[in-house]
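The values are calculated or read from the model by the stated rules, or taken from the named source; none is laboratory data. These numbers were taken from a predicted model, which means no experiment stands behind them. Quick reminder, even Gly has a Cβ in these numbers, built from the backbone with ideal geometry, and neighbours come from all protein chains shown. Areas reflect the complete protein model, heavy atoms only, side chains present, ligands, DNA and RNA absent. Shrake-Rupley method; radii C 1.70, N 1.55, O 1.52, S 1.80 Å.
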Amino acid sequence: MPKQPIQRTPLLSGEDVDTKREEIRAYFHATLDCYEQLFKTLRNTQAYYKKSISLRHPLIFYYGHTATFYVNKLMLAGLITERINPKFESMFAVGVDEMSWDDLDNTHYDWPAVEEVTEYRRKIREMVDRLISDLPLILPVSWESPFWPVLMGIEHEQIHLETSSVLIRQHAMDYVQPHPQWRPCQKTGAAPANALILVPAGAIKIGNNKSTHTHYGWDNEYGQHSADIAAFQASKYLVSNQEYLSFVEAKGYQTDNYWEEEGLSWRNFSKAAHPAFWVKKGDGWFMRTMTDEIPMPWDWPVDVNYHEAKAFCNWKAQTTGQPVRLPTEDEWYRLYDVAGLSEVPHDKPAAGNLHLDYYASSCPVNEFQQGEFYDIAGNVWQWTETPTYPFEGFDVHPLYDDFTTPTFDNQHNLIKGGSWISCGNETLRSSRYAFRRHFFQHAGFRYVVSDAPAVVQTSNYETDKLLSEYAEFHYGDTYFDVPNFPKTLAEIAIAAMGGRPAHKALDLGCASGRSTFELARHFDHVTGIDFSARFIGQGVQLAQQGVLRYTLIDEGDLVFYKERTLNGLELEHVKNKVAFYQGDACNLKPIHTDYDLILAANLIDRLYEPAKLLNTIHTRINMGGLLLMASPYTWLTEHTKKEHWIGGYKRDGENFTTLDGLKAILGKHFKLIQGPQSVPFVIRETSHKHQHTLSEVTVWERVL
């Protein structure tokens, strides 16, 4: 029979503040109690200090880490003013994410005694309990609420309840012991034969809204994402130990072409020949649970990392001739909806092996039916094909700006559905957790058969300083009330066009492409050309994917994470009217001609021979068309040899300005119809350093 459910993550709303305060208090204490009870499975003191695996800290770190997290976040939030133990709050603060599998950490730490950390945890418990009594509470609890960091600390400990249980499972048997509160499932039998079930095409919508969310969520769960999902087939059950044995016996671990390149490197380095929690004893197989080695329960789900799950799918695809792969995150959501699942109820056991409601281990794959499937949620996490990425509208929480962003590297894949020990936020439909692909969690997989490729969303943030500065210059915030420069130039150009034909425009030296998009509000088609492929890559990304992500330096190594979308800039409707090309303004291809407007912004003083462009640019513009020139005239020999400057020097003893040079060259074919006028722009370097510049703008009409 199921035991009394562990308290669920609280709803953020409610009718009574005092009742909600006590609900959060009970959730806090129950979480600490459960976490501390987990460490009772360690047999002796030495177990705290011996590493379970070389890539992670010993368990003493995780015993202290979740407690120091409260102090560090509450200090950052300004809710406390004094630390409890500055040494602990530094030592236990960082170092959680597992490293690359071949990056061994031999750093020595002078860890404190277990008793000291236990006493420290007691002090944290008292401090947070007092805050729960004293902090102002307004319902619903929001991101800005003083209760948000309290909930953050609780949910953070729920995460480490699970990850620490994995480390205990990976510990040598000499260091662990059975515990009455952590008893594994006793059920096992013959594994059911797996089968494929058709999932009809449908649409999914995921993501939280900060103003309407119902439960605590991590930053990557906020924003919006929707997708249309093509029909696919999915396995009725999670892959069982029995089903996976076929892959092992088919020499799957010895056959290189079943493995992806990264997976093959991991397999060769680790010398893996079977799942990590399988133990061979004589002629028989056993399985390592958290504290025991038991005869292999063949009907339980296999525990593997992504590489192993992917290799199994590749093997199955080759042997069956079907397009077998792991599901995407979107397909998992489709499975969740088709199975008719809903959130874990607060007052009765979960509908799957979840939230510690049943066992301290996996259980048979055919125990918990959910629609036509089994274990869409619960038993073990399920690897997906999807590297984690931010939803549209993603924003980091200022108290934990590095919770998710370090995983936006295409090296952390999402796992879905939760395991037997997943509690709190981890059990929600909206939860999004990602781990390195070699990582061992209580994770297995189900497979799908689909002709549709696994769509991988972009996740990388541009971190190159210059590219990030230009992304912000073109698409970012306004500084010192100076309007966006590329947009302003486009508006000046469009206004100058009047009633002239507006079929084609060229944004020459387009950089990151904002003016290109803005001109497309008025012109039928706009081409953006820049010498730098890196710059135009930002415009291409926006046109193709609708989103641009980048980091901005705050100070030193501290950064902000920024996201801009075409939709947010109200430019989504023009994306099919623009095209970007790499090119040399002094040597343009013949196809770039017949333009009604050419915009050349902050370009001529960066060309190696600007006269080459100016002497021929009339051949690119239709009669009566316009040329808009903008430049701060910052002539530098590193860009343009002095003999090629068109102004900014003495000629015949008199000042000869760049405008004089423009008149001399362009006057053969153009008439100056507007300007010169000074247009300011600001480039942000850090939060405390900005470049403020004036660009001189002139508008010329082709008359000859």
> Under the condition of being out of contact with any Leu (no Cβ under 8 Å at 6 or more places or on another chain) and among the small types (G, A, S), which residue from the range 546-588 is farthest from C510 (Cα to Cα)?
Replying inline: G556
> Which of the residues that make up the range 442-469 are open to solvent by less than 60 Å² (accessible area, probe 1.4 Å) and either assigned to a helix (DSSP H, G or I) or of a type in the set (A, V, I, L, M) (or both)?
Replying inline: A443, V448, V449, A452, A454, L467, S468, E469
> Are there any pairs with C-beta distances below 7 angstrom linking a residue in the range 40-68 that is under 15 Å from K87 (Cα atoms) and open to solvent by less than 10 Å² (accessible area, probe 1.4 Å) to a residue that is modelled with pLDDT under 95 and part of a helix (DSSP H, G or I), with the two at least 6 apart or on different chains, and if so which?
Replying inline: G64/F88; T68/F88; T68/E89
> Which condition number in (1) surrounded by 19 or more Cβ atoms within 10 Å (Cβ to Cβ); (2) closer than 23 Å to A193 by Cα; (3) among the aliphatic types (A, V, I, L, M) is the one that A317 fails?
Replying inline: (1)
>> Quick check on this structure: which one of K310, K316, K280 is of a type in the set (K, R), free of Cβ contacts under 8 Å to residues at least 40 places away in the same chain and within 22 Å of A191 (Cβ to Cβ)?
In response: K280
> For Q186, are the conditions met, namely being closer than 23 Å to P297 by Cβ and at pLDDT below 95?
Replying inline: no
>> Among the numbered criteria (1) in contact with a helix residue (DSSP H, G or I) (Cβ under 9 Å, 6 or more places away or on another chain); (2) part of a loop (DSSP other than H, G, I, E, B); (3) of a type in the set (F, W, Y), which one does W420 miss?
In response: (1)
> Can you tell me how many residues in the range 333-353 are open to solvent by less than 10 Å² (accessible area, probe 1.4 Å) and among the hydrophobic types (A, V, I, L, M, F, W, C)?
Replying inline: 2
> If you scan the range 262-273, which residues turn out to be closer than 19 Å to H171 by Cβ and either open to solvent by 40 Å² or more (accessible area, probe 1.4 Å) or of a type in the set (S, T, Y) (or both)?
Replying inline: S270
> What number of residues within the range 69-86 are touching a residue at least 24 places away in the same chain (Cβ under 8 Å) and more than 27 Å from the chain's Cα centre (by Cα)?
Replying inline: 4
>> I'd like to verify a number: residues in the range 243-276 that are over 29 Å from the mean Cα position of the chain (by Cα) and part of a helix (DSSP H, G or I), how many?
In response: 9
> Hey, among the residues in the range 423-441 that are part of a loop (DSSP other than H, G, I, E, B) and open to solvent by 20 Å² or more (accessible area, probe 1.4 Å), which one's nearest to R56 (Cα to Cα)?
Replying inline: F440
>> Can you tell me which of (1) assigned to a strand (DSSP E or B); (2) in contact (Cβ under 8 Å) with a residue 24 or more places away in the chain; (3) open to solvent by 40 Å² or more (accessible area, probe 1.4 Å) is the one M287 doesn't meet?
In response: (3)
>> With the requirement that a residue be open to solvent by less than 90 Å² (accessible area, probe 1.4 Å) and of a type outside the set (G, A, S), what does the range 561-572 give you?
In response: Y561, K562, E563, R564, T565, L566, L569, L571, E572
> Any residue at all in the range 221-237 that is assigned to a helix (DSSP H, G or I), at pLDDT 95 or above and either over 19 Å from G444 (Cβ atoms) or in contact with a Ser or Thr (Cβ under 9 Å, 6 or more places away or on another chain) (or both)?
Replying inline: yes
> So which of K40, K20 ends up being more than 15 Å from C423 (Cβ to Cβ) and touching a Gly at 6+ places or on another chain (Cβ under 8 Å)?
Replying inline: K20
>> Name the residue that is modelled with the lowest pLDDT, counting only residues in the range 491-533 that are within 20 Å of E469 (Cα to Cα) and among the aliphatic types (A, V, I, L, M).
In response: A533
>> Every residue in the range 183-231 that is in contact with a Pro (Cβ under 8 Å, 6 or more places away or on another chain), closer than 18 Å to Y333 by Cα and surrounded by 14 or more Cβ atoms within 10 Å (Cβ to Cβ), please.
In response: N220, G223
>> Give me the strands (runs of 3 or more DSSP E) completely within the range 573-666, filtered to those with at least 1 residues that are without any contact (Cβ under 8 Å) to a residue 12 or more places away in the chain and open to solvent by 60 Å² or more (accessible area, probe 1.4 Å), ordered by residue number.
In response: 649-651, 654-656
> Assuming R702 fulfils every condition listed in (1) surrounded by fewer than 16 Cβ atoms within 10 Å (Cβ to Cβ); (2) among the charged types (D, E, K, R); (3) within 23 Å of A496 (Cα to Cα) apart from one, which condition is it?
Replying inline: (1)
> P178 fails exactly one of the following numbered conditions: (1) assigned to a loop (DSSP other than H, G, I, E, B); (2) farther than 30 Å from D134 by Cα; (3) open to solvent by less than 50 Å² (accessible area, probe 1.4 Å). What is the number of that condition?
Replying inline: (3)
> Within the range 12-23, how many residues are under 30 Å from the mean Cα position of the chain (by Cα) and surrounded by 20 or more Cβ atoms within 10 Å (Cβ to Cβ)?
Replying inline: 1
>> Consider the range 244-261. How many of its residues are surrounded by 11 or more Cβ atoms within 10 Å (Cβ to Cβ) and either touching a residue at least 40 places away in the same chain (Cβ under 8 Å) or within 23 Å of R446 (Cβ to Cβ) (or both)?
In response: 12
> When you look at K316, is it in contact with a helix residue (DSSP H, G or I) (Cβ under 9 Å, 6 or more places away or on another chain), part of a helix (DSSP H, G or I), farther than 23 Å from A434 by Cα and basic (K, R), yes or no?
Replying inline: yes
> Within the range 91-108, can one find any residue that is modelled with pLDDT of 95 or more, among the β-branched types (V, I, T), within 25 Å of Y216 (Cβ to Cβ) and surrounded by 13 or more Cβ atoms within 10 Å (Cβ to Cβ)?
Replying inline: no
> Do you know which of the residues in the range 552-570 that are in contact with a strand residue (DSSP E or B) (Cβ under 9 Å, 6 or more places away or on another chain) and among the hydrophobic types (A, V, I, L, M, F, W, C) is nearest to A520 (Cα to Cα)?
Replying inline: L566
> Quick one: would you say I154 is open to solvent by less than 10 Å² (accessible area, probe 1.4 Å), β-branched (V, I, T), part of a strand (DSSP E or B) and at negative phi?
Replying inline: no
> Which of the residues spanning the range 481-497 are more than 31 Å from the chain's Cα centre (by Cα), touching a residue at least 12 places away in the same chain (Cβ under 8 Å) and not in a helix (DSSP H, G or I)?
Replying inline: V482
